[in-house]
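In what follows, a structure is listed as structure tokens, so that the remarks can point back to it.
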Amino acid sequence: VIGNNPLVLPPGDVDLIQIEMVAGDRLTVDVDAFGIGSTLDSGLRLFDATGTELAFSDDSAAPGEDLSFDPYLDVTVTAAGTYYVGISGFDNFAYNPLTLDNGMGVSTGYYEVEMALTTT
């Protein structure tokens, strides 16, 4: 849930998922809020271990889905390492996955996430 962290103002809440990948791995991430009746308008970001943003998605339909406020990412990484998937309000562009309590957005709510990792 975006907005349920009592230590962060609700719109600034970010959920992070850490994943280890090797060069050539393909990661797909599908966030669904609209279909479960949530008001969350989310953004989806992928960062490398240094906190550098590698990909961003907002309002991108996953294969077989209709376009909505939900994001979808399909990324093949070129280097082995630790990566972070960030889910937040769509306009929360200022946060860094390596820094606590930073960033600000406006959208909060429930969501479901589906991730698939295809290894080489």
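When the residues of the range 29-51 are filtered to those that are open to solvent by less than 40 Å² (accessible area, probe 1.4 Å) and of a type in the set (Ser, Thr, Tyr), the one that is farthest from the chain's Cα centre (by Cα) is 38.
Residue pairs whose Cβ atoms lie under 6 Å apart, separated by 6 or more positions or on different chains, with the first residue in the range 61-90 and in contact (Cβ under 8 Å) with a residue 24 or more places away in the chain and open to solvent by less than 40 Å² (accessible area, probe 1.4 Å) and the second part of a loop (DSSP other than H, G, I, E, B) and of a type in the set (A, V, I, L, M), are 70/33; 81/49; 82/49; 86/14; 88/14; 89/106.
One residue stands out in the range 1-28 among those that are assigned to a loop (DSSP other than H, G, I, E, B), open to solvent by less than 70 Å² (accessible area, probe 1.4 Å) and of a type in the set (A, V, I, L, M): the one that is modelled with the lowest pLDDT, namely 8.
The values are calculated or read from the model by the stated rules, or taken from the named source; none is laboratory data. Model, not experiment: these values are computed from the prediction. Note: ideal-geometry Cβ built from the backbone for every residue, glycine included; neighbour counts use all protein chains shown. Ligands, DNA and RNA are excluded from the accessible area calculation, which covers all protein heavy atoms including side chains. Shrake-Rupley method; radii C 1.70, N 1.55, O 1.52, S 1.80 Å.
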